[in-house]
1. Taking segment 206-218 as the search range and keeping residues that are within 16 Å of ligand 2 (Cβ to nearest atom) and closer than 19 Å to Ala3 by Cα, which one is farthest from the chain's Cα centre (by Cα)?
2. Has segment 158-181 got any residue that is touching a Leu at 6+ places or on another chain (Cβ under 8 Å), more than 29 Å from Asn9 (Cβ to Cβ) and more than 16 Å from ligand 2 (Cβ to nearest atom)?
3. Among the numbered criteria (1) of a type in the set (Lys, Arg); (2) more than 16 Å from ligand 2 (Cβ to nearest atom); (3) closer than 29 Å to Met173 by Cα, which single criterion is violated by Arg82?
4. May I ask you to list the residues in segment 158-177 that are farther than 19 Å from Phe34 by Cα and either at pLDDT 95 or above or part of a helix (DSSP H, G or I) (or both)?
5. His92 is checked against (1) in contact with a Pro (Cβ under 9 Å, 6 or more places away or on another chain); (2) surrounded by fewer than 18 Cβ atoms within 10 Å (Cβ to Cβ); (3) part of a helix (DSSP H, G or I) and fails just one. What number does that condition carry?
6. Name the one entry in Val47, Val23 that is buried (at least 16 other Cβ atoms within 10 Å of the Cβ), under 18 Å from Arg82 (Cα atoms) and within 19 Å of the chain's Cα centre (by Cα).
7. Looking at Ala102, Ala54, can you tell me which residue is aliphatic (A, V, I, L, M) and crowded, with 19+ Cβ neighbours inside 10 Å?
8. Can you name every residue in segment 42-75 that is in a helix (DSSP H, G or I) and more than 10 Å from ligand 1 (Cβ to nearest atom)?
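The values are calculated or read from the model by the stated rules, or taken from the named source; none is laboratory data. Every value quoted in this text rests on a predicted model; they were computed, and no experiment measured them. Backbone-built Cβ (ideal geometry, glycine too); neighbour counts: all protein chains shown.
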Amino acid sequence: MSAVLTCKNIEVSFDGFKAVDGVDLELARGEVHFLIGPNGAGKTTLVDAVTGLAPYAGSVVKDGEELRGKKVHHIARKGIGRTFQTAAVFEHLTVAQNLDIAAGAGRSALSLLRRRRRLPAVVVDTMDRIGLRDAADTPAGTLAHGQKQWLEIGMLLVGDADVLLLDEPIAGMGHDERDTTGRLLHDIAADRAVAVVEHDMDFMRAFADRVTVLHAGAVLASGSVDEVAADPRVQEVYLGTAKEAADAARA
Ligand SMILES: Nc1ncnc2c1ncn2[C@@H]1O[C@H](COP(=O)(O)OP(=O)(O)OP(=O)(O)O)[C@@H](O)[C@H]1O
Ligand SMILES: [Mg+2]
């Protein structure tokens, strides 16, 4: 495994409370890496740290560059993109406009103001990829919940992110939408690193290449779905949930 992002000994404290307490994490291209753990385990805070939203001790290195202390926009420009538990799209703009703006993050303000006669190929290709080509002219605010998440992922893709950190992307989705999302994650992970914060164990089992379990701010276990599910400490934290996972893996 060659890591594209390496986090070492990450610590995030809030008034002396260590929400993230010495976490090591490596994300590799070609992998969908699930971050699981009970409420309050520190999953979102870890993502906040990596993306520059929460100050931390430790080290985050991407492509040989240390990112600790760097500004949010610098980290984004280095190719690290994230989504939030609630989708953040421009509700009044269409799907195509949202993607066009995300694609133009490196363009000057003036060229962004100028209306483009044709959509760039990357915007059209991305609409195909995220299944929203038919919704190109639909205002983002009227999209279904799942479609908004796909649009957000698309915005990271056109922005050239090669490390995607997705915080609970399938929350509120129906079964078919979850399945579509899982396949989309594998599609985009082909040449990128994808980390998914998730609570849904069925979804995790179906789509995880690698799993890291956080508990009380620390890494409890890390490995394949089967390895993690068979870990007694993980089973203890998840009680029934992980035991079922281990039983299912053995069956
Ligand atoms: N800004 C903050 N100030 C103080 N404490 C915080 C702050 N943000 C998070 N915490 C605390 O840090 C811990 C980790 O929170 P975090 O949101 O990272 O958990 P999580 O694993 O994402 O949980 P969930 O699955 O519920 O989203 C929690 O105890 C939370 O209350
Ligand atoms: Mg969270």
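1. That would be Val213.
2. yes
3. Result: Arg82 fails condition (2) only.
4. Val158, Asp176
5. Answer for His92: the failing condition is (3).
6. Val47
7. Ala102
8. Val50, Val72, His73, His74, Ile75
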